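To start, the structure under review is shown below, and the notes come after it.
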Amino acid sequence: MSDNFDVAETRSGGSSNVVSLSKRQIQMVLGVVVLVAALALGWALWPSSPTNASLIRDAVADIKAGNYDAATAKLQKELDQNKANHNNLNAIVYFDLGVIAGKQGNNTQAASYYAQSITLAPHYEPALYNLAVTTMNQGNKSLAIVQFNNVLAVNPRNARALYNSGLLMYRLNQITDGRARMNQAIALDPTLATRVPADVTLN
């Protein structure tokens with residue numbers, strides 16, 4: 001039986017897409033990620049030069065169009081221009097590089113980029129969340145729970161992190177804690193109730 005884990009937000013910041021964690025779909029899970037919201041946060045908190053802002057904006061357009069090589073080249077150029085300043089703007093760039101790697105099915109590279117983003121901005125929730133999702137897709141349930149806990153340390157009301165970690169706990173026979181988290185997630189986002197697997201009982 002496949003589990004319906006909840007994945008990262010859509011680019012528009014709207015409702016999430018849900019996939020089954022089957023072998024066929026693992027490579028596709030990270031196709032839905034936060035991009036616009038991430039860039040908006042980056043521009044609001046860490047202003048860049050017009051050149052850098054233009055490069056990142058164009059890179060996002062390339063990602064949306066599926067032009068991953070062009071997007072990667074632009075993001076790498078931004079890093080080269082700004083490498084002397086290891087600031088939080090670069091955290092956004094590494095996040096976007098992780099998005100590209102995930103879309104290309106390279107979870108190992110995606111995880112590396114997300115980790116670099118988190119190193120520069122330890123409380124950057126989108127990178128924390130996507131790293132946990134990547135780890136989950138790689139099959140490391142215990143580490144994924146730890147990483148979802150890192151998301152919840154930043155935002156205890158992240159319903160997706162609660163749901164995913166709760167279901168992972170349930171599958172690892174941590175039934176009571178898993179149920180508690182999933183119930184908490186559903187209280188925050190009632191739509192998650194429709195995604196609970198048939199063999200999971202929530203009291």
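The values are calculated or read from the model by the stated rules, or taken from the named source; none is laboratory data. None of these values were measured; they are calculated from a predicted model. Using ideal geometry, Cβ is built from the backbone for each residue, glycine included, and neighbour counts are taken over all protein chains shown. When the accessible area is computed, the model is the full protein with side chains, heavy atoms only, and any ligands, DNA or RNA have been set aside. Shrake-Rupley method; radii C 1.70, N 1.55, O 1.52, S 1.80 Å.
Figure legend. Inter-residue proximity from segment 87-105: first residues touching a residue at least 60 places away in the same chain (Cβ under 8 Å), second residues among the polar types (S, T, N, Q) and open to solvent by 10 Å² or more (accessible area, probe 1.4 Å), beta-carbon distance below 7 Å, spacing 6+ or different chains. Indicated pairs: G105/Q27.
Every condition in (1) modelled with pLDDT under 95; (2) within 29 Å of L152 (Cβ to Cβ); (3) surrounded by fewer than 19 Cβ atoms within 10 Å (Cβ to Cβ) holds for I56 except the one numbered (3). Cβ-Cβ contacts under 8 Å between residues 6 or more apart (or on different chains), taken from a first residue in segment 184-203 that is under 16 Å from P156 (Cα atoms) and modelled with pLDDT of 95 or more to a second residue that is open to solvent by 70 Å² or more (accessible area, probe 1.4 Å) and in a helix (DSSP H, G or I), are absent. Picking from residues in segment 148-164 that are touching a residue at least 24 places away in the same chain (Cβ under 8 Å) and either surrounded by 18 or more Cβ atoms within 10 Å (Cβ to Cβ) or in contact with a Cys (Cβ under 7 Å, 6 or more places away or on another chain) (or both), the one that is nearest to E125 (Cα to Cα) is V151.
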